[in-house]
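**Student:** My structure is below; once you've seen it, I'll send some questions.
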Amino acid sequence: MKLITIRSQILEVADRWREQYAMRYADDLDKMKILRELEKLDKETATAKDVENIIGNNSWACKQECRECKKNYDSIVELGDLPDYESSTTWVCLKCLKKAVELFDEAESLPHPTKSAPVADENEGKSKAR
């Protein structure tokens, strides 16, 4: 489980870019120039717009979509496997997480049988034919 915010994306952007491009595209001067620029960023004061200006798009430090309500948020929780092509990963906003907790709370307020009810014998109470 991981909290993803715009700030956390900015803090990790150079590492994520390096992981994505440095090994496979080491000869690509444009990608390496972008990496050097990302490494120069003051990660504590840099903005999403600063990252966008370096990379050329806003997908590396942006609002993230909740997979439950489909709205975009500055902060979201990543659940499941590390994201990959075949991973079981999802992203959920605080509002939807609170709704999930409410479902658990509602379920806990329902009566819980301590043991299962006995199964009725269909022959019970009938006289046996002789």
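Each reported figure results from applying straightforward, stated rules to the coordinates on display, with no laboratory input. If you're wondering where the values come from, they're calculated on a predicted model, not measured in any experiment. We place every Cβ from the backbone using ideal geometry, glycine too, and count neighbours over all the protein chains shown.
**Student:** Tell me which of 26, 77, 101 sits at the most positive position along the dipole axis of the chain, charges placed on C-beta atoms (Lys, Arg +1; Asp, Glu -1).
**Tutor:** The residue sitting most towards the positive pole is 101.
**Student:** Using a Cα distance threshold of under 20 Å, what count of lysine pairs results for region 1-61 when pairs must be 8 or more residues apart or interchain?
**Tutor:** Numbers: 2/43; 31/40; 31/43; 31/49; 33/43; 33/49; 40/49.
Total qualifying Lys-Lys pairs in region 1-61 comes to 7.
**Student:** Now a separate question. Each residue of region 2-9 in order: what ³J(HN,Hα) in whole Hz does its phi give by Karplus 6.51 cos²θ - 1.76 cosθ + 1.60, θ = phi - 60°, with x for Gly and Pro?
**Tutor:** 8, 7, 10, 10, 4, 4, 5, 5
**Student:** Now for a different question. Please identify which residues in region 49-73 have an amide N closer than 20 Å to a label point set 7 Å out from the Cα of residue 90, following the Cα→Cβ vector.
**Tutor:** 64-73
**Student:** A further question on this structure: Where Lys and Arg each count +1 and Asp and Glu each count -1, what net charge lies around residue 32 among other residues with Cβ under 11 Å from its Cβ?
**Tutor:** Working: positive: 18, 31, 33, 36; negative: 27, 28, 30, 37, 39.
That works out to -1.
**Student:** In addition: Return the long-range amide H neighbours of residue 69 (sequence gap of 5 or more, or a different chain), with a cut-off of under 5 Å between placed amide H atoms.
**Tutor:** 93
**Student:** In the chain, if every C-alpha pair distance is counted and binned at 5 Å from zero, what percent goes to each bin?
**Tutor:** 2, 9, 13, 14, 12, 11, 8, 5, 4, 3, 4, 3, 3, 3, 2, 2, 2, 1, 1, 0
**Student:** Using packing as a proxy for protection, rank 51-59, 98-106, 11-19 so that the peptide with the highest average count of other Cβ atoms within 10 Å comes first. Mind showing how you got there, number by number?
**Tutor:** On the way: 51-59: 14.4, 98-106: 9.9, 11-19: 16.6.
Going by the mean number of other Cβ atoms within 10 Å, highest first, we get 11-19, 51-59, 98-106.
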